[in-house]
Amino acid sequence: MALRTIRTYGDELLRKKSKVVDKIDDRILTLIEDMKETMYHANGVGLAAPQVGILKRVVVIDVGDGPISLINPEIIETSGSYIDEEGCLSIPGKEGAVERPKYVTVKALNENGEEVIIKGEDLLARAFCHEIDHLNGVLFVDKIIEGDE
Ligand code: NI
């Protein structure tokens, strides 16, 4: 495993759309392990592959219940909404209030290529949305509620 460098705000790569993973090979598995290590090292709760310079649809999340790795994640259902402060490892020192769904169901592939469906509530739901936004070149600062800049 190795730490990877986290790209920061202003890096054009963070604004690009990531590509679907069509084969879960050793490169993808190494990427996931490195992303977990990088996320923990930076005390983050989530990290998306474009944040380490790789435009692939891969995210890792740990909101305190153990690591979750998602390959080609898609949001299939949401409900409710709430507003909370959000931050991002690519935008150090910045926080802002963002409205997100309270419940989010995600479909993805795990590291074995099996389809998984995971339901998230509150912080986990928020992390799903935030990290999947990264795969589409969207950053939380695009969504900060007016007046909380
Ligand atoms: Ni982020």
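The values are calculated or read from the model by the stated rules, or taken from the named source; none is laboratory data. Not measured: the values here are computed from a predicted model. Cβ sites come from the backbone with ideal geometry, for glycine too, and all protein chains shown count toward neighbours. Quick note on the areas: whole protein, heavy atoms, side chains included, nothing else; ligands and nucleic acids left out. Shrake-Rupley method; radii C 1.70, N 1.55, O 1.52, S 1.80 Å.
Please work out which one of (1) assigned to a loop (DSSP other than H, G, I, E, B); (2) surrounded by fewer than 18 Cβ atoms within 10 Å (Cβ to Cβ); (3) not aliphatic (A, V, I, L, M) is the condition SER90 fails and give its number. SER90 satisfies every listed condition except (2). For segment 106-137, a residue qualifies if it is within 15 Å of the ligand (Cβ to nearest atom) and assigned to a loop (DSSP other than H, G, I, E, B), and the qualifying residues are ASN136, GLY137. Would it be correct to say that GLU85 is open to solvent by 60 Å² or more (accessible area, probe 1.4 Å), within 16 Å of the ligand (Cβ to nearest atom) and of a type outside the set (A, V, I, L, M)? In short, yes. Residues that are touching a residue at least 40 places away in the same chain (Cβ under 8 Å), among the basic types (Lys, Arg) and open to solvent by less than 40 Å² (accessible area, probe 1.4 Å) occur at least once in segment 113-128. Confirm whether PRO73 is within 15 Å of the ligand (Cβ to nearest atom) and open to solvent by 40 Å² or more (accessible area, probe 1.4 Å). Here the answer is no, as PRO73 does not meet what is asked.
One residue is enough: does segment 134-146 have a residue meeting the conditions under 13 Å from the mean Cα position of the chain (by Cα) and of a type in the set (S, T, N, Q)?
yes
Total residues in segment 138-147 satisfying the condition of being open to solvent by less than 10 Å² (accessible area, probe 1.4 Å) and assigned to a loop (DSSP other than H, G, I, E, B): the figure is 1.
The number of residues in segment 69-87 being part of a strand (DSSP E or B) and either more than 30 Å from ILE24 (Cα to Cα) or touching a Phe, Trp or Tyr at 6+ places or on another chain (Cβ under 9 Å) (or both) comes to 11.
Residues in segment 1-54 that are open to solvent by 50 Å² or more (accessible area, probe 1.4 Å) and in a strand (DSSP E or B): LYS19 only.
Checking TYR103 against (1) within 12 Å of the ligand (Cβ to nearest atom); (2) among the hydroxyl-bearing types (Ser, Thr, Tyr); (3) surrounded by fewer than 19 Cβ atoms within 10 Å (Cβ to Cβ), only one condition comes out false. Which one? Unmet condition: (1). Given the criteria open to solvent by 10 Å² or more (accessible area, probe 1.4 Å) and of a type in the set (Val, Ile, Thr), does VAL58 qualify? Taking the combined requirement at face value, the residue does not satisfy it.
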